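Read the figures in this text as sums done on the coordinates, not as results from a lab. What you see is a predicted model, and the numbers here were worked out from it, not measured in a lab. All Cβ positions, even for glycine, are placed from backbone atoms using ideal geometry, and neighbour counts span all protein chains on display.
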Amino acid sequence: MSSPDKLVHFEVADQVATVTLDSPHNRNALSRRLVRELTDHLVTADGREDVRVVFLTHTGGTFCAGADLTEAVEVGMEQGTRDLLALLRTVVTLQTPVVASVRGHVRAGGLGLMGACDVALVSDESTFAFTESLLGLAPAVISLTTSSRLSERDAAYKYLTGTAFSGVEAARSGLATASVPADALSASVNELLHQLRQVSPQGLRETKRLLNAPLIERMDTDGEHLVARSARLFASLEAREAMQAFRDRRRRSPD
């Protein structure tokens, strides 16, 4: 297990590398430090012969709240958006399949992370939202890993309104693989991990490569201009004012 002062923990057992987001003070937001630690653990897992599957999970009531708004306001997001693209590309290009388990809430960039995973199991009670438009932003970089999982109509409604939706709706729309009651999530994850451990390593590796080839091509073709668009929007006065107001409201929130 990783040291307790880490934002992301890592352990290996029974051919599964469990990677746990553990930054509850900011709802597992994608701070530079968390992104760096997560990326390092994913690369480590992929290089181990005793790892057949990567299992991505979280502590607290939020899987991932998206961008760290404190960093976005104070230091800008030019490097942050570039690091996010690199993280998503790492998840997609790993030879090892990545399974996400969500029993809490997911917002904005967190949906991009979940969308990059090969399989995502969520609880019915979880909530999801592309909140970028509410803050004067757009789901630019994360559109790479989410738009292809949605129909055009679903993407338009969810991206434009920023409205929250349930785990059941996440599964129906294709953002999640399946949604189950919270008390059944652990059993469902364990069954899935068991199934994947039965597949040959070469079968997993080559099938994932086949499935993700179109996404990798889009990342390499469109990634840079989406990073630039995202950084420009984060730096705009409208977005900075909205992020500051949202951050102030969150600080006053009792949770």
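Some observations on this one:
- Length gained on full extension, Ser148 to Ala213: 22.1 nm, using 0.36 nm per residue less the C-alpha separation.
- The order of Thr177, Thr145, Thr161, going from fewest to most other C-beta atoms within 10 Å of their C-beta, is Thr161, Thr177, Thr145.
- Leading residue at positive end of dipole, the chain (Cβ point charges), from Ala170, Val51, Val199: Ala170
- Helix-only mean residue ellipticity at 222 nm for the chain, each DSSP H run of n ≥ 4 adding -39500 (n - 2.57), per residue, nearest 500: -16500 deg cm²/dmol
- Nearest-ten-degree value, helix 201-235 long axis tilted from longest Cα axis of the chain: 10 degrees
- From least to most packed, judged by other beta carbons within 10 angstrom and beginning with the fewest, Phe128, Phe10 follow the order Phe10, Phe128.
- Sorting the Cα pairs of the range 7-70 by distance into bins of 5 Å, from 0 upward, gives 4, 20, 28, 21, 14, 9, 3, 1 percent per bin.
- Footprinting exposure proxy for Cys64, Cys117 (fewest neighbouring C-beta atoms within 10 Å first): Cys117, Cys64
- Karplus 3J(HN,Hα) series, Hz, for the range 98-113 with 6.51 cos²θ - 1.76 cosθ + 1.60 (x for Gly, Pro): 10, 10, 9, 10, 10, 10, x, 9, 9, 9, 6, x, x, 5, x, 5
- With one equal scatterer per alpha carbon and no solvent term, the Debye-computed log10 I(q)/I(0) for the range 20-118 at 0.13 1/Å reads -0.41.
- Compared with the dominant principal axis of the Cα atoms in the chain, helix 78-93 is inclined by about 20°.
- Each principal axis of the Cα cloud of the chain was evaluated for its coordinate range; sorted largest first, these ranges are 52, 42, 35 Å.
- Charged side chains reduced to their Cβ positions (Lys and Arg at +1, Asp and Glu at -1) give the chain a dipole of some 340 debye around its Cα centre.
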